[in-house]
Amino acid sequence: MIKAANLKRSFIENFSQEPLIVRSPGRINLIGEHTDYNEGLVLPAAINKNVYLAIAKNGTDKVRLYAIDLSDSFETTLDAIKKTDKLWPDYILGVIEQLQLNNYAITEGIDIAFTGDIPQGAGLSSSAALECATAFALSTVFNLNLAQLDIALLSQAAENQFVGVNCGLMDQFASVFGKEQHLIKLDCADYSYEYIPFNTTDIKILLLDTQVKHSLASSAYNERREQCEKGVELIAKHEPSVTSLRHASEEMLLKYVKPIDEIVYKRCSYVVSEISRLQLACEDLKKDDFTAFGKRMFETHEGLEKQYEVSCKELDLLVQLVKNNPYVLGARMMGGGFGGCTVNLVKADRAEQVAEEVAAAYKEQTGINIPYYIAEINSGTTVVHLT
């Protein structure tokens, strides 16, 4: 709670009033990658890396923002919410705009300051955490009574329409709905969900950060979405009930897609198998079979590398370095691809040792020093009570 206490002190220094403080976590996704925009299933969890946001009404029409970690501030008015050239204010302003567009009464100006410990650029969704913290905080101080799903949906809409990133709902949903010792099996077709137990002290979740982000990421992401849509179109000519890859089968892909477009077939085949793999992985967890779950993580990485082709040599190297390690049950790239983190299931008493050995081997082969993080599964967005 040191971050929250420092935030409160800084807020009072800057704005001369007592704030409400909200915590919103980053997230990991253990299995189910690139399935969200195909109406598939994902398996995220909130983690113990957070954005902390302090907020208070200010009795004017001004929106005054302060990013503590950047030592940067921004000011506008409630009737002049528009994109900035700084980017960081947009995650907050986008949420305010969404509330205004949906006729929620933001009746006076606000002061907001925020800080956090979610590593930037590691694919842990710091932007979603900031959006959800903002929506939750505004709902609280203006008594808007937003439901949890509305907080996630408004935050996603802010990212899509204001920031301009066409993300699915997974990041915001995990940030809001996180539950200790549980993963969230989220159905991206209808937003129904089930908590899946991840209840062990014998295994830790280790994140290894490649420290690279290749420029292919956004263009390839859009191209993969288009390829998945093309696969659905090819199937739907013969099977009109298939409106997304969620409803497709490998047999349909072999019959209707592979003869026409081999690349589109490979992309779609990965997605269809990943949706199936996630369902089997959830059954593994219900039986506390972490060994079987880990093997599925390795299978996912192979699919992302060879079929979906969104990995990169640095991610592949990190997975190769742990593949035959007896203390590592599973590993894969996580997120959009072309950089970011691998997520690893590691025997708890060997996590630090594995991390240090892999970091040393990675540096030897790439010349890059990499950070690592032990992620603990945490609860979702909430008010922080400082004593």
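Values computed for the structure shown
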quantity: Rounded to 10°, Cα long-axis angle of helix 351-366 versus longest principal axis of the chain; calculated: 80 degrees
quantity: Flagged links, alpha-carbon separation over 30 Å, of Lys62/Lys185; Lys286/Lys323; Lys3/Lys306; Lys230/Lys306; Lys57/Lys86; calculated: Lys62/Lys185; Lys3/Lys306
quantity: Simple spin-label estimate for Asp202 and Ala348 in nanometres, 7 Å along Cα-Cβ; calculated: 1.1 nm
quantity: Asp69-Asn160 pseudo-label distance in nm [points 7 Å out on the Cα-to-Cβ vector]; calculated: 2.6 nm
quantity: Computed E for Leu216/Asp85 - FRET, C-beta separation, R0 25 angstrom, nearest 0.05; calculated: 0.50
quantity: Degrees between helix 313-323 axis and first principal axis of the chain (Cα, 0 to 90, nearest 10); calculated: 70 degrees
quantity: Highest average packing first - 95-107, 264-276, 178-190, Cβ atoms within 10 Å; calculated: 264-276, 178-190, 95-107
quantity: With Cα atoms, 0 to 90° folded angle of helix 126-141 axis to the chain main axis; calculated: 40 degrees
quantity: Order of His301, His247 - criterion: other Cβ atoms within 10 Å of each residue's Cβ, fewest first; calculated: His247, His301
quantity: Net dipole in debye of the range 218-325 [+1 Lys, Arg Cβ; -1 Asp, Glu Cβ; about Cα centre; nearest 20]; calculated: 60 debye
quantity: Loop-resident sites, the range 48-120, for trypsin sites (Lys or Arg not before Pro), counting at most 13 other Cβ within 10 Å (DSSP); calculated: Lys82, Lys86
quantity: Cβ charges +1 (Lys, Arg) and -1 (Asp, Glu), total dipole of the chain, debye; calculated: 260 debye
quantity: Positive-end extreme of charge dipole, the chain - chosen from Ser241, Ser139, Gln365 (charges on Cβ); calculated: Gln365
quantity: Net length gained if the chain between Gln17 and Gln365 were fully extended (0.36 nm per residue, minus Cα distance); calculated: 120.0 nm
quantity: Protection-proxy order for peptides 74-80, 379-385, each taking the mean of Cβ atoms within 10 Å per residue, highest first; calculated: 379-385, 74-80
quantity: Most mobile listed residue (Val176, Val354, Val165) in the chain, GNM with C-alpha springs under 10 Å; calculated: Val165
quantity: Fraction of antiparallel bridges per DSSP, the chain only, in percent to nearest 5; calculated: 90 percent
quantity: Separation in nanometres of the label points that stand 7 Å from Cα toward Cβ, at Asn143 and Leu78; calculated: 1.5 nm
quantity: Correct option for Cα extents along the principal axes in Å [calculated from the coordinates] among (1) 64, 52, 39; (2) 79, 52, 40; (3) 87, 54, 37; calculated: (1)
quantity: Linear extension gain, His238 paired with Ala292, 0.36 nm per residue minus alpha-carbon span; calculated: 15.8 nm
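We did not get these values from a lab; they are worked out from the coordinates using the rules stated. Small disclaimer: the values here were computed from a predicted structure and weren't measured. Please note: Cβ atoms are built from the backbone with ideal geometry, for glycine as well, and neighbour counts cover all protein chains shown.
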